[in-house]
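Here the structure is laid out as structure tokens; the discussion comes afterwards.
The values are calculated or read from the model by the stated rules, or taken from the named source; none is laboratory data. Every value quoted in this text rests on a predicted model; they were computed, and no experiment measured them. Heads up, the Cβs are rebuilt from the backbone with ideal geometry, glycines too, and the neighbour counts pull from every protein chain shown.
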Amino acid sequence: MTANGFYEEVIIAGFGGQGIILAGKLLAQVAMEAGRGVTYMPSYGAEVRGGTANCMVVIAEEEIACPVIGNPSSLIVMNKASLDKFAPRLQKGGVLVMNSSLIDTEPQVDDTIHILKVPADEIAVELGNPKVANMVALGAYLQKRGLFGADAAAKCLPQTIARRYHHTLQVNAEALHKGAETSKNI
């Protein structure tokens, strides 16, 4: 929160192929549908698959002056390299969602940080599609932050996912809900 109202800065990071850009795009879409101001700035290496990928999403009640995030209030990391790169920048009292399927070390963060260790890859495999780990992590974040529910995110999936992948809408929605459910127990 700022003096003028709600202001959330989120970095989502991992390697190419983990759906980092899609997760950020969905978060931005959900925020827009809820009537919030939003900026979305993706960044990925030339390799795309296997290279680095991250995106910055700013959500606010008022106009957003800059889409660049120096110190995020929340961080979703899907691999250890992203944890090492972005965790030191996380604001005190922030939220860290980490994919414990691929990150087996303790994060070096301030003790005011709320840490959610979510086995996103394992849950995605249980759901029958390893590619939905991004949605598991996003669902956990949404539940923890209480900004928008998994239902709201699931409703935005058809506008966010390319039409050729609409056959995955159901499993993506299930992943969002499973991530939210997992977050309640952490």
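Checking each residue in segment 118-144 for being surrounded by fewer than 24 Cβ atoms within 10 Å (Cβ to Cβ) and in contact with a strand residue (DSSP E or B) (Cβ under 6 Å, 6 or more places away or on another chain) picks out only Lys144.
Do we find that Gln108 is at pLDDT below 95 and assigned to a loop (DSSP other than H, G, I, E, B) in this structure? Let's see the steps before the verdict.
On the way: at pLDDT below 95: yes; assigned to a loop (DSSP other than H, G, I, E, B): yes.
Yes, satisfied.
Go through segment 148-159 and count every residue that is in contact (Cβ under 8 Å) with a residue 40 or more places away in the chain and within 17 Å of Val118 (Cβ to Cβ). Lay out the reasoning, then the answer.
Our first condition is that a residue be in contact (Cβ under 8 Å) with a residue 40 or more places away in the chain; within segment 148-159, this holds for 148, 152-153, 155-157, 159.
Now narrow it down to the ones that are within 17 Å of Val118 (Cβ to Cβ): 153.
Result for segment 148-159: 1.
Every condition in (1) within 19 Å of Leu75 (Cα to Cα); (2) in contact (Cβ under 8 Å) with a residue 60 or more places away in the chain is met by Ala120 except one, and the failing one is (2). All but one of (1) closer than 19 Å to Gly14 by Cβ; (2) outside any strand (DSSP E or B) hold for Leu116; state the number of the condition that does not hold. So the condition that Leu116 fails would be (2).
Of the set (1) free of Cβ contacts under 8 Å to residues at least 24 places away in the same chain; (2) in contact with a Pro (Cβ under 9 Å, 6 or more places away or on another chain); (3) part of a helix (DSSP H, G or I), all apply to Phe86 but (1).
Would you call Lys178 out of contact with any Pro (no Cβ under 9 Å at 6 or more places or on another chain), of a type in the set (Lys, Arg) and buried (at least 21 other Cβ atoms within 10 Å of the Cβ)?
On the way: out of contact with any Pro (no Cβ under 9 Å at 6 or more places or on another chain): yes; of a type in the set (Lys, Arg): yes; buried (at least 21 other Cβ atoms within 10 Å of the Cβ): yes.
Yes; evaluated as a whole, the condition is true for this residue.
So Lys184 ticks every box in (1) in contact with a helix residue (DSSP H, G or I) (Cβ under 9 Å, 6 or more places away or on another chain); (2) within 19 Å of Gln29 (Cβ to Cβ) but one. Which box is left unticked? Status for Lys184: all satisfied but (2). Take the residues of segment 9-26 that are touching a Lys or Arg at 6+ places or on another chain (Cβ under 8 Å) and free of Cβ contacts under 8 Å to residues at least 60 places away in the same chain: which is nearest to Ile161 (Cα to Cα)? Result: Gly17. The one condition from (1) part of a helix (DSSP H, G or I); (2) surrounded by fewer than 21 Cβ atoms within 10 Å (Cβ to Cβ); (3) touching a residue at least 40 places away in the same chain (Cβ under 8 Å) that Tyr165 does not meet is (3).
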